[in-house]
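Following: one structure in structure tokens, then a few remarks.
The values are calculated or read from the model by the stated rules, or taken from the named source; none is laboratory data. Just so it is clear, the model here is predicted, and its values are computed rather than measured. Note that each Cβ is placed from the backbone with ideal geometry, even for glycine, and that neighbours are counted across all protein chains shown.
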Amino acid sequence: MQPPAALTGASYLTKEGPMEGVVVSAKKVGSTITVSVVSDKEGHYSFPENRLDPGHYTLKISARSIYSRQPRDRRTHRTQDGNVRSKVA
């Protein structure tokens, strides 16, 4: 049985579908500690509740591009309206 999740999500490409093996890292604003998890074969990832304290986090999503086979970073942030925005770094 897995512990309760503090943060969950999914990684996928619009045309290709779920992405397995994507590293998702969360760093609390003002902290030096980063917690990372890896997406499963269905693209789902989950940060256990006992690993993330309440607060604001910056998420970094890293995956190998299926086109270039080179690592690509995608940085995400939550806007004031609650939406998540991302861009390739």
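A few notes on this one:
- In the set 84, 38, only one residue is touching a strand residue (DSSP E or B) at 6+ places or on another chain (Cβ under 9 Å), aliphatic (A, V, I, L, M), modelled with pLDDT of 65 or more and at negative phi; that residue is 38.
- Every residue from region 11-59 that is surrounded by fewer than 15 Cβ atoms within 10 Å (Cβ to Cβ) and either among the hydrophobic types (A, V, I, L, M, F, W, C) or in contact with a helix residue (DSSP H, G or I) (Cβ under 7 Å, 6 or more places away or on another chain) (or both): 13, 29, 33, 38
- Of the set (1) at pLDDT below 85; (2) of a type in the set (Gly, Ala, Ser); (3) surrounded by 10 or more Cβ atoms within 10 Å (Cβ to Cβ); (4) outside any strand (DSSP E or B), all apply to residue 63 but (4).
So that you can scan it fast, the table gives a plain yes or no per residue for (1) modelled with pLDDT under 85; (2) of a type in the set (A, V, I, L, M, F, W, C); (3) at negative phi:
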residue	(1), (2), (3)
16	yes, no, yes
21	no, no, no
34	no, no, yes
42	no, no, yes
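- Screening residue 27 against (1) part of a strand (DSSP E or B); (2) charged (D, E, K, R); (3) modelled with pLDDT under 90 leaves a single unmet condition, (3).
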